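Comments concern the structure below.
The values are calculated or read from the model by the stated rules, or taken from the named source; none is laboratory data. The structure presented is a predicted model; accordingly, all values stated were derived computationally and were not measured. FYI the Cβ positions are ideal-geometry reconstructions off the backbone, even for glycines, and counts take in every protein chain you see.
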C-alpha cells in the first residue's frame with residue numbers, strides 16, 4: 001500500500017502544477033472554464049491527499065512496520081488512540097498532515113466563494129496550490145512518509161512517552177489548522193493585490209477566514225500551554241521558548257488585522273496596513289512551521305542539524321519579497337478614501353490596539369530571532385531569556401487590556417466628549433475600588449504590575465458589563481421582552497459587537513490568571529524522606545509514604561511504563577486536610593540490549609507524572625524525581641543483568657518487582673518540586689471564554705434578519721434624507 | 001508495484017481527471033449569478049446598513065449626544081442611498097424589493113428599530 | 001494649524017516615539033543577552049562572573065547525583081572539549097547522557113556553575129530527515 005501512498009503524492013504534485021497553470025491561464029485570458037478547472041483541482045488535491053493520509057493512518061492502525069515511519073514512532077503495544085495520532089509525530093507525517101489540512105481548508109473556502117470574486121479567487125487558487133505543491137515536494141524529494149523497509153521489522157520503537165497525553169496529540173492538528181488557515185487570507189490578500197481588487201467584497205470574505213484562523217491558532221496555543229503545565233515537570237505554562245513564540249506571533253498580527261479590518265470596512269482607510277498585516281500573518285505562520293523543524297534556533301523543539309531549512313528559507317524569502325513588491329506596485333489603489341474623523345472615536349482606539357499588538361509582535365520577534373540577529377551583526381551568537389521578554393511584554397499587555405476596556409465605551413466615527421466622560425464613571429470606579437481594596441488588604445504588596453493588571457481587568461469588566469446592561473435596557477424599551485430574552489436577542493442581532501466584548505472579558509481573565517500565578521507563586525524544590533513535611537506558601541505538604549508499581553494494572557492514561565515510583569503527599573492548610581497528591585516517575589523500556597536484560601526495562605526515557613489539586617483560587621502542584629540509583633537498587637539490576645537472559649523480559653519484570661518492594665521497604669529521600677500557584681485555573685477558563693466569544697462573533701447572522709434590515713433601512717434611509 | 005496498488009492509482013488518476021476536466025468539456029459556461037460590480041455593491045450596502053445599526057445602538061446606549069447622532073446618522077444614510085442608487089442603476093434591486101416587501105407584510109410588527 | 005498639518009505632526013510624533021522605543025529595546029537586548037557558546041568556545045572565552053548559554057551534548061558517563069546537586073559534563077557535538085559543571089534545580093524528563101542540552105552557566109573561580117532551573121533538554125530528535133534507506137515504491 002505504500003506504493004499507493006507514494007503514487008498519490010506524485011499525483012498530488014501534478015495536480016498542483018496543473019491547477020496553478022489552469023487558474024493563471026483562466027484569469028489572464030478571461031476564460032472562466034479554465035479558472036473553474038483550476039478551482040476543481042483544489043478539490044481533486046484534497047481527495048488525493050485524503051487517500052494518502054488514509055493509507056498512512058491505516059498503516060499505523062494495522063501495525064504495518066514495513067512503513068519506516070510506523071516502525072520509528074509506533075509499536076504493537078501502543079494504545080490505539082496514540083497509534084492514530086502518532087501519524088503526525090514524525091517529520092514526514094506532520095508534513096502530510098499540513099498539506100492535507102491546507103487542501104481541505106482551501107477546498108472549503110473556494111467552495112464557499114465559488115460564485116464570487118472570480119479574479120481574486122483564481123489568483124488565490126494558484127497561490128494555495130503553490131503552497132500545497134511546496135509541502136508535497138518536500139515530501140516527495142526529501143522526507144517521504146511512504147518509505148519502506150523489506151523485510152519489515154517485527155516491532156516498532158514506540159511513541160515517545162512524553163507525547164502520550166491527549167492534549168499533546170490534539171495540539172499539532174489544532175496548531176496546524178491554525179497555521180494552514182493563516183495561509184488562506186494570505187492567498188486572498190495576494191490574490192486581491194494581483195487582481196487589483198481590495199474592496200468590500202474582499203473584506204467580507206477574508207474576515208471570516210481570518211477569524212477562523214485566529215480561533216484555531218489560539219486554541220492550539222492554549223492547548224500547548226496546558227500540556228506544558230500539566231505534563232512537563234517544570235510547572236510552568238509559558239517559557240518564551242522559540243517555538244511557543246513562533247505560534248504566538250501570527251496570532252497577534254491576526255488579532256490586529258481583525259480589528260483594523262473594521263476600520264477599512266467603515267472608512268476605507270488603512271488599506272496598505274491591512275494588506276500588509278494579512279501578508280505578515282501568513283508569512284509568520286510559515287516561519288513558525290519552519291522553526292520547529294529546522295534547528296536554526298536553540299529551543300526545546302529545534303533539533304540539531306539543518307534539515308529542511310534551505311527550502312523554507314527560500315520560501316520565506318520569496319514571500320517577503322513578493323509581498324513588498326505587490327504592495328508597493330499597487331499603492332495607488334490602496335490609497336485611503338477618508339481620514340480619521342476624530343481622535344475620540346472607536347477607530348482611533350482600534351488603531352491604538354493595532355500599534356500595541358504589532359509592538360508586542362515586534363518585541364517577541366526580536367527576542368526570538370536574536371541569536372541569528374546578533375550572530376549576523378556582531379559575529380557572536382547570544383540569546384535573551386524570559387526576564388527580557390517579560391520586561392517588555394508586561395507593560396504592553398497592560399496597555400492592551402486597558403484599551404480593550406476603553407473601546408466599548410467610545411462610539412464609532414465621532415464620540416461626544418461629554419457622553420464619553422460620563423460613560424467612564426462606572427468602569428473607572430470599579431478599577432479604583434479594586435485598587436483600594438487590594439492595597440488595603442495588602443494582597444498585592446510589592447507587585448505593582450500584578451496590581452495594575454487586576455485594576456485594568458476590573459476596568460474592562462465594568463466597561464463591558466455596562467455595555468451589556470445598557471444594551472439589554474434599550475432592547476427592553478423597544479421590544480418589551482423580559483431581560484433574559486432581551487439579552488439573547490441583543491447578542492444574536494449584534495454578534496460582532498457582543499461576541500467581541502466577551503472575547504475582551506476572556507482576555508482580561510486570562511491576564512488576571514497569568515499575573516496572579518506568576519507574581520504570587522510559592523515554589524519549593526527539596527529532598528524529603530517519608531514522614532518529613534515542608535511548608536509551601538500557606539500549605540503544609542507531608543511525604544506520607546512511597547509508592548511503587550510495576551506495569552500498573554489500572555493505568556487510565558495507558559502509558560505502558562514498566563516501573564513507576566512515586567509518593568503519597570498529604571496537603572493541609574492551617575491544620576485542615578486539603579488534598580492527597582500522588583506524583584510519580586514512570587520508567588520505560590529503552591529497547592537497548594546494551595543496558596542489560598533488566599537495565600533496558602527501565603533504561604528508557606522516564607516521564608514525570610505530575611499530580612495536582614486544581615482549585616478555583618489556586619493550584620497545588622507536585623512532581624517527584626525518585627532516586628532509582630541507590631546502591632541496593634543498582635545491585636538488583638546488576639544481578640538481574642547477569643542472571644536473566646535478555647530474551648526473557650517476563651523474568652526481567654520479576655527483578656523489577658523486587659526493586660519495587662525494596663523501594664517500598666527502604667525508601668531513599670526523593671527530590672520534590674512543589675508549587676502553589678494562585679488563579680491558574682482562570683487562565684484556562686479565560687481561554688474558553690475568549691473562544692466562546694470568538695465563535696459568537698464569527699457566527700453568520702441569519703439571513704432573515706438581513707432581509708428585514710434591508711427593507712426598513714432603505715425606506716428609512718430615504719425618509720431620513722427627506723427630513724435632513 | 002503490486003497489482004492492487006496500480007489499479008487503485010489508476011482509479012484515482014481517472015477520478016482526478018474527471019473532476020478537473022469537467023468545466024473544460026461541458027459546453028455550459030460556468031454559472032454567472034452576479035456581475036462583480038453587483039456583488040461589490042451588495043457587500044458595500046450590507047456593510048453600510050451595519051454601520052447605521054451600530055450608530056443607532058451607540059446613540060441608544062448613551063455614547064452619542066442627540067446632535068452628534070443626527071449628523072453621523074444623516075451622513076451614513078446619504079452614503080447608503082448613494083450605494084442603493086448605484087445598485088438601482090444596475091437594474092436588479094427592483095425585483096429584490098418586491099420580494100422583501102411581501103416578506104415584511106407577513107411579519108408581526110412591533111419592532112421599530114433594528115437594535 | 002490646518003487639519004492636514006495636524007495629522008502630519010501627529011504622524012511624525014508617533015513615528016518618533018516608535019523609533020525611540022524600538023531603539024531602547026534593541027539596545028537593551030544586546031546588553032541583556034548572554035552569549036551562546038559551545039564547550040570549546042566556553043573554555044577559551046569564559047570570563048568569571050558572566051553568564052553564558054552553553055549548548056552541547058551530555059557526555060556519557062559523566063552524570064552524578066550528589067544530594068540535590070547534579071554533576072555532569074557537556075561536550076561539543078563533535079566530541080572534543082567537554083566542560084564539567086554542577087547544577088541545581090529542575091531537571092527536565094528527557095535529560096540523559098547523549099542528549100543535547102542548553103544550560104546557562106557562570107564561571108566561578110575554576111568551576112562552572114549552572115544557573116538554577118536553566119537546564120533545557122532538547123526533545124529527542126523526531127524531526128531529523130533520516131537519509132531514506134531502501135526507497136521502495
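Values as computed for the structure displayed
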{"quantity": "Residue within region A:69-86 that is more than 13 Å from every other protein chain (Cβ to nearest Cβ) and either at positive phi or in contact with a strand residue (DSSP E or B) (Cβ under 6 Å, 6 or more places away or on another chain) (or both) present", "calculated": "no"}
{"quantity": "Any hit, region A:343-366, residues being part of a strand (DSSP E or B), within 30 Å of residue A:246 (Cβ to Cβ) and in contact (Cβ under 8 Å) with a residue 40 or more places away in the chain", "calculated": "no"}
{"quantity": "Residue A:198, sole failed condition from (1) at pLDDT 85 or above; (2) outside the structural domain of residue A:92 (by TED's automatic domain parsing)", "calculated": "(1)"}
{"quantity": "Yes/no for residue A:108 being at negative phi and more than 14 Å from chain C (Cβ to nearest Cβ)", "calculated": "yes"}
{"quantity": "Test: residue in region A:393-407 that is under 22 Å from the mean Cα position of the chain (by Cα), buried (at least 19 other Cβ atoms within 10 Å of the Cβ), within 16 Å of residue A:260 (Cβ to Cβ) and outside the structural domain of residue A:508 (by TED's automatic domain parsing)", "calculated": "yes"}
{"quantity": "Residue A:238 vs. criteria part of a loop (DSSP other than H, G, I, E, B), modelled with pLDDT of 90 or more, surrounded by fewer than 22 Cβ atoms within 10 Å (Cβ to Cβ) and not assigned by TED's automatic domain parsing to the domain that holds residue A:697", "calculated": "yes"}
{"quantity": "Candidates A:65, A:60 - the one that is more than 25 Å from residue A:105 (Cα to Cα), at pLDDT 85 or above and in contact with a helix residue (DSSP H, G or I) (Cβ under 6 Å, 6 or more places away or on another chain)", "calculated": "A:65"}
{"quantity": "Count - residues of region A:615-630 that are at pLDDT below 90 and either more than 43 Å from the chain's Cα centre (by Cα) or assigned to a strand (DSSP E or B) (or both)", "calculated": "1"}
{"quantity": "Members of region C:77-94 found to be surrounded by fewer than 17 Cβ atoms within 10 Å (Cβ to Cβ) and either out of contact with any strand residue (DSSP E or B) (no Cβ under 8 Å at 6 or more places or on another chain) or more than 22 Å from residue A:628 (Cα to Cα) (or both), listed by number", "calculated": "C:77, C:78, C:79, C:80, C:84"}
{"quantity": "Residue A:54, sole failed condition from (1) modelled with pLDDT of 90 or more; (2) over 28 Å from the mean Cα position of the chain (by Cα)", "calculated": "(2)"}
{"quantity": "Qualifying residue in region A:121-143 (condition: more than 14 Å from chain B (Cβ to nearest Cβ) and more than 30 Å from residue A:311 (Cα to Cα))", "calculated": "no"}
{"quantity": "Residues that are part of a helix (DSSP H, G or I) and either surrounded by fewer than 24 Cβ atoms within 10 Å (Cβ to Cβ) or over 22 Å from the mean Cα position of the chain (by Cα) (or both), drawn from region A:177-200", "calculated": "A:177, A:188, A:189, A:190, A:191, A:192, A:193, A:194, A:195, A:200"}
{"quantity": "Selection count, region A:563-605, where residues are assigned to a loop (DSSP other than H, G, I, E, B), surrounded by fewer than 21 Cβ atoms within 10 Å (Cβ to Cβ) and at pLDDT 85 or above", "calculated": "4"}
{"quantity": "Unmet criterion (only one of (1) buried (at least 23 other Cβ atoms within 10 Å of the Cβ); (2) at pLDDT 90 or above) for residue A:434", "calculated": "(1)"}
{"quantity": "Residue in region C:67-81 that is within 13 Å of another protein chain (Cβ to nearest Cβ), within 18 Å of residue A:673 (Cα to Cα) and under 15 Å from the mean Cα position of the chain (by Cα) present", "calculated": "no"}
{"quantity": "Boolean, residue A:246 is in contact with a helix residue (DSSP H, G or I) (Cβ under 9 Å, 6 or more places away or on another chain), at negative phi and at pLDDT 90 or above", "calculated": "yes"}
{"quantity": "Meets criteria (touching a helix residue (DSSP H, G or I) at 6+ places or on another chain (Cβ under 8 Å), at pLDDT below 90 and under 26 Å from residue A:9 (Cβ atoms)) for residue A:147", "calculated": "yes"}
{"quantity": "Any hit, region C:37-54, residues being at pLDDT 85 or above, more than 23 Å from residue A:234 (Cα to Cα) and assigned to a strand (DSSP E or B)", "calculated": "yes"}
{"quantity": "Residue under evaluation residue A:419, criteria (1) within 7 Å of chain B (Cβ to nearest Cβ); (2) part of a loop (DSSP other than H, G, I, E, B), criterion not met", "calculated": "(2)"}
{"quantity": "Filtered residues of region A:330-340 (kept if free of Cβ contacts under 8 Å to residues at least 24 places away in the same chain and surrounded by 12 or more Cβ atoms within 10 Å (Cβ to Cβ))", "calculated": "none"}
{"quantity": "Checking residue A:155 against (1) within 18 Å of residue A:50 (Cβ to Cβ); (2) away from chain C (no Cβ under 14 Å); (3) outside any helix (DSSP H, G or I), the condition it does not meet", "calculated": "(1)"}
{"quantity": "Residues of region A:189-230 that turn out to be under 23 Å from residue B:42 (Cα atoms) and out of contact with any helix residue (DSSP H, G or I) (no Cβ under 7 Å at 6 or more places or on another chain), as a count", "calculated": "1"}
{"quantity": "Scan of region A:14-41 for residues that are assigned to a helix (DSSP H, G or I), over 30 Å from residue A:71 (Cβ atoms) and more than 10 Å from chain B (Cβ to nearest Cβ), ordered by number", "calculated": "A:17, A:20, A:21, A:23, A:24, A:25, A:27, A:28, A:29"}
{"quantity": "Odd one out for residue A:513 among (1) more than 14 Å from every other protein chain (Cβ to nearest Cβ); (2) over 30 Å from residue B:46 (Cα atoms); (3) without any contact (Cβ under 8 Å) to a residue 40 or more places away in the chain", "calculated": "(3)"}
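Here's the yes/no breakdown for (1) under 24 Å from the mean Cα position of the chain (by Cα); (2) more than 14 Å from every other protein chain (Cβ to nearest Cβ); (3) under 30 Å from residue B:52 (Cα atoms):
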residue	(1), (2), (3)
A:368	yes, no, no
A:376	no, no, no
A:385	yes, no, no
A:442	no, yes, no
